[in-house]
């Protein structure tokens, strides 16, 4: 894979709140669509502040292209942060399972979002977003599978790559981009 695609890009987010917002914006969208919406959202709101975002009207979010579910997720995230229930700096000191549990307790943040946050914002070496569609397609293609693997098979196939599953994910994403 590396011979064909070159070393995979790291793509780390240094600011946890902006990173998590970006991941929420990217949920269930193509990379191009997510990038366009993120650019509009970032231009309108950056620097990001949970208290300020909490006061924004839905129409302001919608003007950037955010769907109602994403607006709900962002509002829930801001409420968790401003209400003291979520401290992203403290979250970074927890183990992967605890981070996953804390994030998925917030409305609109599911396993995929938590997994991507672990990988791209916290830089966790063993993060494995098994529910990522591009990752599933890449794994099927790279291993000559006749169908896209489900979550259970994705987890099973990645088990030998512990504790470096995030490296495998980055390689497979590069493979996916190369194959397209």
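The values are calculated or read from the model by the stated rules, or taken from the named source; none is laboratory data. Just so it is clear, the structure is predicted and the values come from calculations on it, not from any experiment. When we count neighbours, we look across all protein chains shown, and the Cβ atoms used for this are built from the backbone with ideal geometry, even at glycine.
Where helices (runs of 4 or more DSSP H) fall entirely within segment 71-155, those with at least 2 residues that are closer than 23 Å to residue 48 by Cα are at 88-91, 96-104, 111-120.
Consider residue 138 carefully, then state whether it is surrounded by fewer than 20 Cβ atoms within 10 Å (Cβ to Cβ), at negative phi and touching a helix residue (DSSP H, G or I) at 6+ places or on another chain (Cβ under 7 Å). No, not satisfied.
The residue that is surrounded by the fewest Cβ atoms within 10 Å (Cβ to Cβ), counting only those in segment 45-72 that are touching a helix residue (DSSP H, G or I) at 6+ places or on another chain (Cβ under 7 Å) and under 14 Å from residue 18 (Cα atoms), is 51.
When segment 109-121 is filtered for residues that are in contact with a helix residue (DSSP H, G or I) (Cβ under 7 Å, 6 or more places away or on another chain) and surrounded by 17 or more Cβ atoms within 10 Å (Cβ to Cβ), the ones remaining, listed by number, are 109, 113, 114, 116, 117, 118, 119, 120, 121.
Which one of 16, 8 is modelled with pLDDT under 90 and surrounded by 12 or more Cβ atoms within 10 Å (Cβ to Cβ)?
On the way: 16 fails: modelled with pLDDT under 90.
Of the residues listed, the single one that is modelled with pLDDT under 90 and surrounded by 12 or more Cβ atoms within 10 Å (Cβ to Cβ) is 8.
Taken over segment 156-180, the criterion of being outside any helix (DSSP H, G or I) and either under 18 Å from the mean Cα position of the chain (by Cα) or surrounded by 12 or more Cβ atoms within 10 Å (Cβ to Cβ) (or both) is satisfied by 164 alone. Restricted to segment 1-49, the set of helices (runs of 4 or more DSSP H) holding at least 1 residues that are farther than 26 Å from residue 79 by Cα comprises 2-5, 31-45. Note on segment 73-95: residues that are farther than 26 Å from residue 39 by Cβ and surrounded by fewer than 17 Cβ atoms within 10 Å (Cβ to Cβ) amount to 10.
Table: residues versus (1) at pLDDT below 95; (2) closer than 15 Å to residue 110 by Cα.
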site: 47; (1), (2): yes, no
site: 70; (1), (2): no, yes
site: 74; (1), (2): no, yes
site: 77; (1), (2): no, yes
site: 81; (1), (2): no, no
site: 89; (1), (2): yes, no
site: 92; (1), (2): yes, no
site: 95; (1), (2): no, no
site: 99; (1), (2): no, yes
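Quick check on residue 123: is it within 22 Å of residue 6 (Cα to Cα) and without any contact (Cβ under 8 Å) to a residue 12 or more places away in the chain? Judged against the criteria, residue 123 is not a match.
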